[in-house]
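Just below is one structure, and these are the notes that go with it.
The values are calculated or read from the model by the stated rules, or taken from the named source; none is laboratory data. All figures in this text were calculated on a predicted structure; none of them were measured in a lab. Ideal geometry is used to build each Cβ from the backbone, glycine not excepted, and the neighbour counts take in all protein chains shown.
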Amino acid sequence: MRTIIDTHQHFWKFNPAEYGWIGPHQGVLRRDFLPSDLEPIIRSSEVTGVVSVQARQTLEETHWLLELAATYHFIKGVVGWVPLISGELLKTLEGLATNTRLKGVRHVLHDEPYDDYMLRDDFNRGIAVLHRFNLVYDILIFERHLPQTIEFVDRHPRQIFVVDHIAKPRIAAGILEPWRKNIRELAARPNVYCKLSGAVTEADHRSWRDADLRPYVDVVLECFGPQRLMFGTDWPVCLLASQYARWVKAVEMMIGSLSDDERDAIWSGTAVKVYGLDQ
């Protein structure tokens, strides 16, 4: 029996003030999403565990996600938020690092007001200490940020990075370049991994087909290979364009020609290795 780990999903107790990125036009997301909502959904898709990723840039949320992980066995790890530009970062990490469920951190780079935010000196000083705590850094960007991201990761050759949502290419418009060129260049760095997640919300929400996604999936398969790719759903955000089970089936179809070992790497093996998860 195969093991499937969803490496990218979110929980929240919704209120419009704290989740301003969820607009009025995204009504399906404007409610609470909790472990009790997700558990039956993953069970029906034979998903055995998840990695919960921050959706709000507060330490309060990071602690809450860790509490959920302590309560629900299927939450295998947490990618939380920490104040990377703060002078108190080391103290914060020393406190959090005692919790082995914290596997990584993320900052919502693509919502920063200028595209070079990741090249700030104070941000990079924060990134430079993560490897001391064996923490992965998840990179959340739009495709236009890929040139800066290449420069950014080159400053941290010892840090493990995971690109979320295949760097959000312009799938709805059917545009491959310069995303393809830049993602190939980024993938040349062996310390960079990639999540096969978030693609449906970059496609046409109402009319996407597997064929629309395949060219982009084929590119990351070629560039990263199965040993540096991992499955994720981006639930509940994916509900804007797809039910959970439909995305699982879409991935199953798109990686169906790979060997058993290659599929196993994408479904769980890469995640277990990169995030240090218990199966």
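List the pairs whose first member sits in segment 253-279 and is touching a residue at least 24 places away in the same chain (Cβ under 8 Å) and over 12 Å from Thr7 (Cβ atoms), whose second member is basic (Lys, Arg) and assigned to a helix (DSSP H, G or I), and whose Cβ atoms are under 8 Å apart, counting only residues at least 6 apart or on separate chains?
The qualifying pairs are Met254/Arg214; Ile255/Arg263.
Being charged (D, E, K, R) and touching a Phe, Trp or Tyr at 6+ places or on another chain (Cβ under 7 Å) is the filter; apply it to segment 81-110 and report the residue that is surrounded by the most Cβ atoms within 10 Å (Cβ to Cβ). I'd like the intermediate steps shown before the answer.
From segment 81-110, those charged (D, E, K, R) are 88, 91, 94, 101, 103, 106; that's our starting set.
Still in the list and also touching a Phe, Trp or Tyr at 6+ places or on another chain (Cβ under 7 Å): 103, 106.
Numbers: Lys103: 24, Arg106: 21.
The selected residue is Lys103.
Is it the case that Val248 is surrounded by 20 or more Cβ atoms within 10 Å (Cβ to Cβ) and either modelled with pLDDT of 95 or more or not basic (Lys, Arg) (or both)? Please lay out each step first, then the result.
Details: surrounded by 20 or more Cβ atoms within 10 Å (Cβ to Cβ): yes; either modelled with pLDDT of 95 or more or not basic (Lys, Arg) (or both): yes.
When the stated conditions are applied, Val248 passes them.
Take segment 28-65 and flag every residue that is touching a residue at least 60 places away in the same chain (Cβ under 8 Å) and touching an Asp or Glu at 6+ places or on another chain (Cβ under 8 Å).
Within segment 28-65, Ile42, Val47, Gly49, Val51, Val53 qualify.
Regarding Gly23, is this residue surrounded by 13 or more Cβ atoms within 10 Å (Cβ to Cβ), of a type outside the set (Val, Ile, Thr) and under 22 Å from Ser197 (Cβ atoms)?
Values: surrounded by 13 or more Cβ atoms within 10 Å (Cβ to Cβ): no; of a type outside the set (Val, Ile, Thr): yes; under 22 Å from Ser197 (Cβ atoms): yes.
It is false that Gly23 is surrounded by 13 or more Cβ atoms within 10 Å (Cβ to Cβ), of a type outside the set (Val, Ile, Thr) and under 22 Å from Ser197 (Cβ atoms).
Taking the criterion of being within 17 Å of Val53 (Cβ to Cβ), part of a loop (DSSP other than H, G, I, E, B) and at pLDDT 95 or above, would at least one residue in segment 162-171 satisfy it?
Quick first cut of segment 162-171, residues within 17 Å of Val53 (Cβ to Cβ) only: 162-168.
Still in the list and also part of a loop (DSSP other than H, G, I, E, B): 168.
This time we only want the ones that are at pLDDT 95 or above, so: 168.
Among the residues of segment 162-171, at least one is within 17 Å of Val53 (Cβ to Cβ), part of a loop (DSSP other than H, G, I, E, B) and at pLDDT 95 or above, which makes the answer yes.
I'd like to know if segment 61-73 contains one or more residues that are part of a loop (DSSP other than H, G, I, E, B), farther than 15 Å from Asp138 by Cβ and not β-branched (Val, Ile, Thr). Outline the logic, then answer.
First, the residues of segment 61-73 that are part of a loop (DSSP other than H, G, I, E, B): 72-73.
In the following step, the residues that additionally are farther than 15 Å from Asp138 by Cβ were identified as 72-73.
Then keep just the ones that are not β-branched (Val, Ile, Thr); that gives 72-73.
Yes, that holds for at least one residue.
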